[in-house]
Protein chains: 2
Amino acid sequence: MSLTQVRIILVEPAGPLNVGSVARVMKNMALERLILVNPQCDPLSEEAKRMAVHGIDVLEQAQRVSSLPEALQGCQRAIATTGRPRTSTSLETPKNALPWLLTPHLTSALIFGPEDRGLSNEELNYAQRFVCIPSNSEYPSLNLAQSVAVCTYELYQAAQNPQNVPPYPATEPASLDILEGYYQHLETFLLKIGYLHPHTATAKMEKFRKLYNRANLSAEEVALLRGIVGHIDALWYLVNRNQ
Amino acid sequence: MSLTQVRIILVEPAGPLNVGSVARVMKNMALERLILVNPQCDPLSEEAKRMAVHGIDVLEQAQRVSSLPEALQGCQRAIATTGRPRTSTSLETPKNALPWLLTPHLTSALIFGPEDRGLSNEELNYAQRFVCIPSNSEYPSLNLAQSVAVCTYELYQAAQNPQNVPPYPATEPASLDILEGYYQHLETFLLKIGYLHPHTATAKMEKFRKLYNRANLSAEEVALLRGIVGHIDALWYLVNRNQ
């Protein structure tokens with residue numbers, strides 16, 4: 001179990017002061033890997049560097065990518081942070097959910113949204129669990145760098161007290177890109193056979209995602225499920241050809 | 001038990017961005033009272049206001065004072081934050097120590113030092129307990145506003161789960177200014193009678209402070225102790241006059 005297995009992903013950060021502060025607190029909390037999805041500011045600007053102080057190496061080594069799936073490549077577990085209650089999914093506290101990212105031998109990610117809007121529903125869909133920092137309902141929206149401070153503080157504490165971290169699961173979970181490939185395949189197929197309709201597909205697919213995420217699927221199980229979809233797809237083709 | 005009984009004290013903050021961010025996260029965590037001891041920046045500068053966002057009222061109502069004892073006036077409990085191990089006092093985690101500030105019917109304070117040097121030993125002496133945010137030994141020094149975020153997050157959670165907060169003590173503790181008056185009185189007296197020597201007085205007095213802070217003295221008990229000092233002082237005067 002190691003803190004270095006957790007990557008911090010910032011989606012479209014716009015404030016260089018925030019990006020610099022995030023690098024600093026990551027260093028404080030022994031985290032190394034920062035990924036910036038389509039940053040809206042220069043992460044190596046003077047402002048960012050000034051806030052990073054001795055976390056400058058985290059900032060300089062930060063990876064820039066153009067999409068969230070790219071940032072999640074190879075990750076087996078992802079938790080998204082959100083300030084808003086999400087209809088179909090229960091929110092957890094950082095203290096309860098984050099130790100799960102430290103399960104031994106996995107690669108995991110903690111995702112933060114843009115300062116102004118937070119993560120969209122589409123972006124939230126890439127995560128398996130969702131945390132919300134408990135706060136005053138009058139003004140619940142925390143500054144990005146302070147949200148990262150609170151979450152990485154909980155991660156650091158969980159790593160110091162590994163007895164609280166859930167045990168290594170019996171099956172190795174599939175990486176998120178493999179899961180995502182299955183979800184896309186399933187959606188395309190269900191639209192084609194008319195089970196899904198374009199205007200309700202997203203909502204229905206969220207239910208599938210929720211169910212499968214809870215099941216903690218292995219790569220083998222995803223292959224099995226894709227096999228069924230592929231098989232029915234082939235039959236569907238034959239039936240239609242013969243009509 | 002209420003979060004509004006806890007004041008946040010920043011000693012000589014130098015960064016307006018930090019002061020603004022502190023105001024914001026205080027609002028996020030339902031804290032209202034910010035006290036700035038001898039601020040080294042303009043807390044109402046544009047930079048500070050920009051970071052405060054909807055915590056602007058906390059910033060505008062922040063009180064400015066010229067000394068830490070003034071900021072602690074009327075407080076019955078104070079916890080200081082520090083990044084350095086202190087020889088004579090054990091450091092606690094925010095999670096363990098901070099709920100103590102929420103004991104019902106008391107006024108309490110959480111003290112943060114300047115960005116560059118943290119709290120001095122003299123400043124730490126005004127507090128009864130000491131917290132240190134667990135962090136990476138390679139770079140343990142957190143940004144001021146992020147430290148406040150972590151601590152106020154723990155306070156907010158403690159307030160949400162009051163079963164974890166220690167019960168109301170049987171005796172009402174003396175306010176810190178009353179305690180401080182006693183410590184000053186005792187030190188002056190002990191120097192005069194030659195029990196303390198100027199070059200070792202501070203170290204010896206720290207031992208007395210530690211002992212008395214642990215005892216959770218009431219105002220009546222402090223009056224009793226001061227009475228003894230005053231009485232012996234008077235006898236000392238008579239003895240010396242007659243020699």
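Here is how the numbers come out for the structure above:
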{"item": "Residue among B:Val19, B:Val25, B:Val6 that is in contact (Cβ under 8 Å) with a residue 40 or more places away in the chain, crowded, with 24+ Cβ neighbours inside 10 Å and farther than 23 Å from B:Leu102 by Cβ", "result": "B:Val19"}
{"item": "Among the candidates B:Val22, B:Val6, residue that is at pLDDT 95 or above and touching a strand residue (DSSP E or B) at 6+ places or on another chain (Cβ under 6 Å)", "result": "B:Val6"}
{"item": "Single unsatisfied condition, A:Gln5 versus (1) touching a Phe, Trp or Tyr at 6+ places or on another chain (Cβ under 6 Å); (2) more than 12 Å from chain B (Cβ to nearest Cβ); (3) within 24 Å of B:Pro140 (Cβ to Cβ)", "result": "(1)"}
{"item": "Residue that is surrounded by the fewest Cβ atoms within 10 Å (Cβ to Cβ) [pool: residues in the stretch B:114-129 that are in contact (Cβ under 8 Å) with a residue 40 or more places away in the chain and within 23 Å of A:Ala30 (Cα to Cα)]", "result": "B:Asp116"}
{"item": "Subset tally (residues that are small (Gly, Ala, Ser), under 22 Å from A:Leu155 (Cα atoms) and within 14 Å of another protein chain (Cβ to nearest Cβ)) for the stretch A:119-141", "result": "2"}
{"item": "Segments classed as helices (runs of 4 or more DSSP H), wholly inside the stretch A:135-243, with at least 1 members that are at positive phi, loosely packed, with under 12 Cβ neighbours inside 10 Å and at pLDDT 90 or above", "result": "none"}
{"item": "Positions within the stretch A:22-49 being at the interface with another protein chain (Cβ under 10 Å from one of its Cβ atoms) and among the basic types (Lys, Arg), in sequence order", "result": "A:Arg24, A:Lys27"}
{"item": "Residues located in the stretch B:62-96, provided they are without any contact (Cβ under 8 Å) to a residue 60 or more places away in the chain, among the small types (Gly, Ala, Ser) and over 15 Å from B:Val148 (Cβ atoms)", "result": "B:Ser66, B:Ser67, B:Ser90"}
{"item": "Evaluation of B:Val53 against (1) at negative phi; (2) surrounded by 13 or more Cβ atoms within 10 Å (Cβ to Cβ) (one fails), failing number", "result": "(1)"}
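The values are calculated or read from the model by the stated rules, or taken from the named source; none is laboratory data. Only a predicted model underlies this, so the values are computations on that prediction, with no experimental measurement involved. Cβ coordinates were reconstructed from backbone atoms using ideal geometry, including for glycine residues, and neighbour counts include every protein chain displayed.
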